[in-house]
1. Taking θ as phi - 60°, what are the ³J(HN,Hα) couplings along the stretch 61-75 by the Karplus curve (6.51, -1.76, 1.60), each to the nearest whole Hz, with x for Gly and Pro?
2. Once the cut-off is 13 Å, how many percent of the Cα-Cα pairs in the stretch 4-53 end up in the long-distance tail?
3. Could you work out how far the C-alpha centroid of the stretch 180-232 sits from that of the stretch 70-130, in angstrom?
4. Out of the GluC sites (Glu not before Pro) in the stretch 7-116, which ones are loop residues according to DSSP with at most 14 other C-beta atoms within 10 Å?
5. List the DSSP H helices in the chain whose Cα atoms stretch 18 Å or more along the helix axis and whose mean Kyte-Doolittle hydropathy is at least 0.0.
6. With each run of n ≥ 4 DSSP H residues scored as -39500 (n - 2.57), what mean residue ellipticity at 222 nm is computed for the chain after dividing by its residue count and rounding to the nearest 500 deg cm²/dmol?
7. Taking the alpha-carbon set of the stretch 4-88, what are its Rg and Dmax in Å?
8. Among D112, D63, D168, which one shows the highest mean-square fluctuation when the chain is modelled as a Gaussian network with alpha-carbon springs under 10 Å?
Amino acid sequence: GQTVHKTFRLDPESYVIHASASVTRDGTPVTALLAWPAGLGDETSLQEYATATFNSSVDGKTDQTAAKKVVGGNTLKGTYDYAGISDLYFAAIFMPNHPADTSVVTLHNTVDVPKDREHPKPGEVEKEPLLGAAVGTSAGAVDTRLFVGPKSIDLLKSIHTANGQSLDDVVSFGWWGWVAKPMFLVLRFFVTHGIPNWGWAILVLTAILNLAMLPTRFMMMKSSLKMQRIQPQIEAIKAKYAKYARTDPRRQEMNKEMFDLQRKEGVN
């Protein structure tokens with residue numbers, strides 16, 4: 001008496017799959033979730049398994065959870081704009097067409113990977129994470145889109161959830177994102193405007209940054225040379241007060257003499 005109906009439609013213009021699923025038992029709707037069971041095909045090394053994350057956006061607030069913090073079978077409810085998994089290069093992200101009252105189940109499996117891939121031994125393996133996710137609603141029927149593709153900034157920006165949010169936040173630039181992302185955007189600008197090679201674009205950006213820092217470096221070099229010039233006088237002042245203990249108030253006079261000397265010689 002159980003009937004399962006699933007429909008998948010591939011979008012030829014993108015990496016998006018339109019998916020719907022419904023389950024009934026003796027004519028009564030049964031809650032069902034559509035799952036991306038485990039991992040992505042490019043995960044073949046220990047480092048690649050370690051980059052897996054659970055990605056989500058609830059009420060417009062995005063989050064990335066490292067594999068070691070993902071609990072298998074954990075059921076989450078909320079207004080999910082998107083939810084899914086990604087690794088360093090690819091992602092599988094569900095985008096419910098009706099985000100309100102969405103149920104998301106996090107999946108965390110493991111796979112045995114030989115410590116030495118060239119000479120694998122049965123007893124020498126490491127258990128690496130294989131993340132997955134499943135989405136559904138309390139109404140029973142599932143109506144969602146699923147992005148499965150590369151984590152290309154331009155591509156992810158072109159794909160939007162039901163609430164209009166793009167998927168570009170799936171790409172993580174880490175703690176230094178406030179520096180890394182602008183640098184990446186500048187590099188991309190170079191590549192798309194006359195430098196058709198990322199290697200040369202990196203060299204050009206490096207040259208520009210070095211030129212921008214040149215005045216500061218020049219000032220530091222001048223200050224360093226001045227400090228070297230007065231170093232014998234500094235050492236003479238230190239020798240003059242060497243007989244006093246560090247806690248002796250007269251040590252303050254030594255600091256004042258050194259400061260006055262540096263100010264006189266123009267050393268900063």
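No lab work stands behind these numbers, since they all come straight from the coordinates. Remember, predicted model here, so these are calculated numbers, not experimental data. Every residue, glycine as well, gets a Cβ built from its backbone with ideal geometry; the counts of neighbours run over all protein chains shown.
1. 9, 8, 7, 10, 10, 5, 4, 5, 9, 7, 9, x, x, 6, 9
2. In whole percent, the long-distance tail amounts to 72.
3. What the calculation gives is 40 Å, centre to centre.
4. E13
5. Answer set is 177-192, 198-240.
6. -10500 deg cm²/dmol
7. 15.7, 48
8. D112
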